[in-house]
1. Exposed loop sites here are trypsin sites (Lys or Arg not before Pro) in DSSP loop states with at most 12 other C-beta atoms within 10 Å. What is the longest stretch of chain A lacking them?
2. Can you give the FRET efficiency for A:LYS45 and B:ASP102, using 1/(1 + (r/R0)^6), R0 = 30 Å, r = Cβ-Cβ distance, to the nearest 0.05?
3. Can you pull the percent of region B:56-100's accessible area that's carbon plus sulfur, 1.4 Å probe, other chains left in place?
4. Through the Karplus equation 6.51 cos²θ - 1.76 cosθ + 1.60, θ set to phi - 60°, convert the phi angles of region A:57-66 into ³J(HN,Hα) values in whole Hz; use x for Gly and Pro.
5. By the scheme Lys and Arg +1, Asp and Glu -1, what is the net charge of all other residues having a beta-carbon under 10 Å from that of B:PRO90?
6. Enumerate the whole-percent occupancy of each 10 Å bin, from 0 to the last occupied one, for all C-alpha pair distances of chain A.
7. Region A:1-57: D in µm²/s via Stokes-Einstein (Kirkwood Rh, Cα pairs, 4 °C, 1.567 mPa s)?
8. When we measure straight from the Cα of B:LYS25, which lysines land under 18 angstrom away, once same-chain ones fewer than 8 places off are left out?
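The values are calculated or read from the model by the stated rules, or taken from the named source; none is laboratory data. Only a predicted model underlies this, so the values are computations on that prediction, with no experimental measurement involved. Every residue, glycine as well, gets a Cβ built from its backbone with ideal geometry; the counts of neighbours run over all protein chains shown. When the accessible area is computed, the model is the full protein with side chains, heavy atoms only, and any ligands, DNA or RNA have been set aside. Shrake-Rupley method; radii C 1.70, N 1.55, O 1.52, S 1.80 Å.
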2 protein chains.
Amino acid sequence: MKHIQSQQVPSDIVREPGAKNTLIKRLIDTTDGADRFVLSLFEMKPNASTPPHYHEWEHEIFVVHGSMQLLLPAEDRSVNIQAGDVIFIPRNEPHGFITGGDQTCQFLVVAPTERPPIRNFFMSEEPYQFEEPAGSRN
Amino acid sequence: MKHIQSQQVPSDIVREPGAKNTLIKRLIDTTDGADRFVLSLFEMKPNASTPPHYHEWEHEIFVVHGSMQLLLPAEDRSVNIQAGDVIFIPRNEPHGFITGGDQTCQFLVVAPTERPPIRNFFMSEEPYQFEEPAGSRN
């Protein structure tokens, strides 16, 4: 049994192409013995984005705090998301997340541990960006 | 893509042997296309329990609201759990949850969709109990 406070889990900067002002905490990972699915907490600062991408695995999402927009480029629309919302993104469905200047968002993502060969299709040619928060990253 | 507010998902009474005053919302289920893992929200009322049991699949847990005790009968101890806590329970590790008279708790559980043949070892000979809440179950 592993028991930890999420507040104590260190944050990493999300470094995918085009990602901006987004952190990840790997709450339960393969090193804990999780050999089928892993649980992560994403934290989006104001003006953050994980730009549209798709991959051969699914996401199950629960929004813990705040609000954001879910981008669905294949449907040419976006959806307002808030705390308490649940999202299931099937395999290969393009998706992205953004926050506005007055928004922050924390959301849990469950993804499978054993993935097909990694082919992550990012639609941005920008590098990632991250402005160090004033306080601690935890 | 499925998007729903967890508040709108109907609650079922947990009817396992010995379970008491506990509800479950199946947030993302096999009917949504989740063919590897499912996401549920458990709600424990005051004086609730999911009595000690074990099974051949793991749990990944995030506590959204409130507090409870995690029972670990194999270690003859219990652990205080609160909002923001993360718990990984490996396969076959006995565990249970209880709330006191002044506690409630809501926690997310991720479990695999494809389980080994169901062998769920409950250590209670009591039937489940549930006192209908005064308000809606949602």
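1. A:16-118
2. After rounding, the FRET efficiency stands at 0.25.
3. 46
4. Each residue's phi maps through the Karplus curve to give 9, 8, 10, 10, 10, 10, 8, 8, 9, x Hz.
5. In short, -2.
6. Result returned by the calculation: 12, 43, 37, 8, 0.
7. 101
8. B:LYS25 reaches B:LYS2, B:LYS45.
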